[in-house]
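Written out below as structure tokens is the structure these notes cover.
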Amino acid sequence: MSEENFPSDRYGPAERRMAEALVDLERRTLRAGEDAEACECREGMFPSLSRRGLLAGGVALGAAFAGNAVRADAPPGSVDYPVQPDPTREQGRMILDDGGYGSRSQFENEVRWRYPTDSLDSSWSMTPLASGQGIITPSGLHFERHHGGIPTIDPERHSLIVHGMVDRPLSLTVADLKRMPSVSRLHFIECSGNGLTEWVKPTLRTVQGTHGLTSTSEWTGVALSTVLREAGVQDGAAWILAEGSDAAVMTRSCPIDKAMDDAILAYAQNGEALRPEQGYPLRLLLPGFEGNTHIKWLRRLDVSDKPFMTREETSKYTDLMPDGKARIFTLDMDAKSVITFPSGAMKLPKPGFYEVSGLAWSGRGKVAKVEVSVDGGKTWTEAPLQEPVISKCHTRFRLPWVWDGTEAVLQSRCTDETGYLQPALKDLVAVRGTNSVYHLNAIQSWHVAPTGEVTNVHA
Amino acid sequence: MSMRELAIAGAIALAGLPALAEDTPATDAPRAFAAAVVPLPDTGEPTPPSPVIAGGGEVGATPGLERDFGIGRPATEDEIAAIDIDVMPDGTGLMEGSGTYAAGEALFAERCAACHGEALEGVKATGGPRLIGGRDTLATEKPVKTVESYWPYASTLIDYVHRAMPMDAPGSLTADEVYAVSAFILGQAGILGKDVTLDAESFGKIVMPNAEGFVSDPRPGAY
């Protein structure tokens, strides 16, 4: 090591190693056509490699990750790096300066938004759909709904027990499940409470507030049918209780037909382990069913001939009709779509070209068609669907539009492959009234004023 | 220093204290987090995870490609009993024990009233819902959904109090306490006599006011 360049009274051993390595790297990069001897190493040959820069890098790289480079006012998930006046005139920051996991740009700031319930103990957060692109929701922006907080679970101490009407009750660790044949599929999860504020009048102002309880990920795990075959489901079995190991010990009943069809015991999301708030280390995925049934932190499956009638499927997640009767086990999420751009609380700067864009999805299969109206539903234009179009998955639609600067009402409606057409709100309310809380899948309307301001309206 | 050494240096710096990675817990103490990835000798690449096969009885004799993988192990009766806490409408899963309205009244004041209110009216700030009242409101403009007016099965109340209540110490109530606090709520709701001891037997006689209030899903085919 070069004691004269990086004296030990000013540089620690790790700093010196890194400095030497970087200098060596540059020397070899410059070697072609240059006399290596002429390239004498000296502090300052990298403008960014000052002692301060080295120290900052060392701190960021070091064990502490004590947040020295992360400022509280930088957007969550980003690191507050010094902005270079001219990034072509100095070396960029060192590789692995992020600790080896990565972070988003400090110039991106979209975050999940907590619905302002009175109690922090029972709440939900919503995906920022307005800034979303494509069909995948970044794992860190997937909506959340917890009924007893987010547990911190060591997967080495977690197992799944399968019992009840099975021939061979099983105990499976997450490591066991990872050894079994796996499946990966892109699916949306939507909370059936998505839009619950919007039954009577437009209430929330943005698409994050009106529709942010839906997100799409690639989910990887073991088909539930695979595990159930291993356990040997007995004749007469009709329902399965899924139970989580959070403070709510969340439970929902799932029909056995669904369990044997496309249900997944998921341990991964978007290519890595599930996020804690999404059920780490294991969650149930019931594609197309209401989000509440996708039990997170899954610890138990109890096979039975009857539904269990848990709190969540009786006192909650049942849909009260105008006659006072309530629908129970309304599990499927009907076809739905929403324009995410332009959407509520945005302002179009001036008339001109804009690409209308949005998401469509159905719990009953693929999206077959999306139509867009810019005149409040008087006329409709079919919007091209972006590939891939996947069953029970967000589908992106886009439509070029020239806004002429006059008042407009933007709407989208989707048809799924069963032929079901997304209804107008008045048609939904005519049947369900306004007290059913869940499963609002009506057409959303965004009003564009001549000023360019976009607002949530019922049209 | 070569790129390879640079990678190693980076890995060492990343690991912080390299000794951490080599620590194996001497006791069964819970882990706080995953150990840092261990660099492989020579190249310094992070060690990839290998499959883990826990000890214990294998399931299935001859491993197959499509089933009988021999993965996992049989769940024991004790393991199942330890977490098989669900209570069903027909009484399956009811705990042994009993509780009275009087015992439940004292318990409710101590453990439940802070969130649900002295008069079971609910406390908005805590998110603790109202538990009683609301009969004959379900078909009105302002339905009041409570245990009394809405819940179709008493088993759900017992199950939920047992598994998830109270908020500040979920799952902490004994079977007798669960029966007692359930007897108090059902007594306040006018569903169970205040002199009836609630247990697996008297449970069978409970009829919830809204037991017939639920219909199956008519979709698709109707909105």
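Here are a few things to note about the model shown:
- The lone exception for residue A:276 - which of (1) touching a residue at least 24 places away in the same chain (Cβ under 8 Å); (2) touching a helix residue (DSSP H, G or I) at 6+ places or on another chain (Cβ under 6 Å) it fails: (2)
- Taken across the stretch B:147-165, residues that are free of Cβ contacts under 8 Å to residues at least 40 places away in the same chain and in a loop (DSSP other than H, G, I, E, B) do not occur at all.
- Filtered by the rule that a residue be among the charged types (D, E, K, R), out of contact with any helix residue (DSSP H, G or I) (no Cβ under 8 Å at 6 or more places or on another chain) and modelled with pLDDT of 95 or more, the stretch A:79-113 gives A:86, A:89, A:90, A:104, A:108.
- Restricting attention to the stretch A:159-191, the residues being over 22 Å from the mean Cα position of the chain (by Cα), more than 11 Å from every other protein chain (Cβ to nearest Cβ) and either under 20 Å from residue A:293 (Cα atoms) or hydroxyl-bearing (Ser, Thr, Tyr) (or both) number 0.
- Any chance residue A:229 is surrounded by fewer than 19 Cβ atoms within 10 Å (Cβ to Cβ), within 14 Å of chain B (Cβ to nearest Cβ) and over 26 Å from residue A:313 (Cα atoms): yes
- Any hit, the stretch A:97-109, residues being under 12 Å from the mean Cα position of the chain (by Cα), among the charged types (D, E, K, R) and under 30 Å from residue A:194 (Cβ atoms): no
- Test: residue in the stretch A:394-412 that is out of contact with any Leu (no Cβ under 7 Å at 6 or more places or on another chain) and within 18 Å of residue B:219 (Cα to Cα): no
- Within the stretch B:124-156, the set of residues being surrounded by 21 or more Cβ atoms within 10 Å (Cβ to Cβ), more than 8 Å from chain A (Cβ to nearest Cβ) and in contact with a Phe, Trp or Tyr (Cβ under 9 Å, 6 or more places away or on another chain) comprises B:134, B:154.
- Hey, residue B:85 β-branched (Val, Ile, Thr) and not in a loop (DSSP other than H, G, I, E, B) or not: no
- Candidate set from the stretch B:53-76 (those that are at pLDDT 85 or above and under 20 Å from residue A:245 (Cβ atoms)); member that is farthest from the other protein chains (Cβ to nearest Cβ): B:76
- Residue within the stretch B:206-222 that is without any contact (Cβ under 8 Å) to a residue 60 or more places away in the chain, touching a His at 6+ places or on another chain (Cβ under 9 Å) and assigned to a loop (DSSP other than H, G, I, E, B) present: yes
- Conditions (1) at the interface with chain B (Cβ under 9 Å from one of its Cβ atoms); (2) surrounded by 24 or more Cβ atoms within 10 Å (Cβ to Cβ); (3) not basic (Lys, Arg): number failed by residue A:361: (1)
- Restricting the first member to the stretch A:392-408 and to residues that are more than 8 Å from residue A:351 (Cα to Cα) and surrounded by 19 or more Cβ atoms within 10 Å (Cβ to Cβ), and the second to residues that are hydroxyl-bearing (Ser, Thr, Tyr) and at pLDDT below 95, no beta-carbon pair is closer than 8 Å while six or more apart or on different chains.
- Scanning the stretch A:362-394 for residues that are assigned to a strand (DSSP E or B), touching an Asp or Glu at 6+ places or on another chain (Cβ under 9 Å) and not aliphatic (A, V, I, L, M) gives A:369, A:371, A:381, A:382.
- Some residue of the stretch A:327-334 being within 15 Å of the chain's Cα centre (by Cα) and of a type in the set (Lys, Arg): no
- Filtered residues of the stretch A:326-345 (kept if away from chain B (no Cβ under 14 Å) and not in a loop (DSSP other than H, G, I, E, B)): A:337, A:338, A:339, A:340, A:341
- In the stretch A:416-436, the qualifying residues are those that are facing another protein chain (nearest Cβ under 7 Å) and aliphatic (A, V, I, L, M), and the one that is surrounded by the most Cβ atoms within 10 Å (Cβ to Cβ) is A:428.
- Residue A:266 falls short on exactly one of the conditions (1) without any contact (Cβ under 8 Å) to a residue 60 or more places away in the chain; (2) within 13 Å of chain B (Cβ to nearest Cβ), and that condition is (2).
- Taking the listed residues A:287, A:388, the one that is surrounded by fewer than 18 Cβ atoms within 10 Å (Cβ to Cβ), of a type outside the set (Asp, Glu), modelled with pLDDT of 95 or more and under 19 Å from the mean Cα position of the chain (by Cα) is A:388, with no other qualifying.
- Strands (runs of 3 or more DSSP E) wholly inside the stretch A:99-206 that include at least 1 residues being surrounded by fewer than 18 Cβ atoms within 10 Å (Cβ to Cβ): A:123-126, A:183-190
- Qualifying residue in the stretch A:301-309 (condition: within 13 Å of chain B (Cβ to nearest Cβ), assigned to a loop (DSSP other than H, G, I, E, B) and β-branched (Val, Ile, Thr)): no
- Between B:110, B:177, B:121, the distinction of being over 25 Å from residue A:328 (Cβ atoms), in a loop (DSSP other than H, G, I, E, B), away from chain A (no Cβ under 11 Å) and of a type outside the set (Val, Ile, Thr) belongs to B:121 only.
- Scanning the stretch A:74-90 finds one or more residues that are touching a residue at least 40 places away in the same chain (Cβ under 8 Å) and within 29 Å of residue A:386 (Cα to Cα).
- Checking B:92, B:47 one by one, the residue that is hydroxyl-bearing (Ser, Thr, Tyr), at pLDDT 95 or above and touching a strand residue (DSSP E or B) at 6+ places or on another chain (Cβ under 8 Å) is B:47 and no other.
- All conditions in (1) crowded, with 21+ Cβ neighbours inside 10 Å; (2) touching a helix residue (DSSP H, G or I) at 6+ places or on another chain (Cβ under 7 Å) hold for residue B:188, with the sole exception of (2).
- Within the stretch A:116-142, residues that are more than 20 Å from residue A:357 (Cβ to Cβ) have Cβ atoms under 9 Å from residues that are aromatic (Phe, Trp, Tyr) and not in a loop (DSSP other than H, G, I, E, B) in these pairs: A:117/A:124; A:125/A:113, counting only partners at least 6 apart in sequence or on another chain.
The values are calculated or read from the model by the stated rules, or taken from the named source; none is laboratory data. All values reported here derive from a predicted model rather than from experimental measurement. Positions of Cβ are generated from backbone atoms using ideal geometry, with glycine treated the same way; all protein chains shown enter the neighbour counts.
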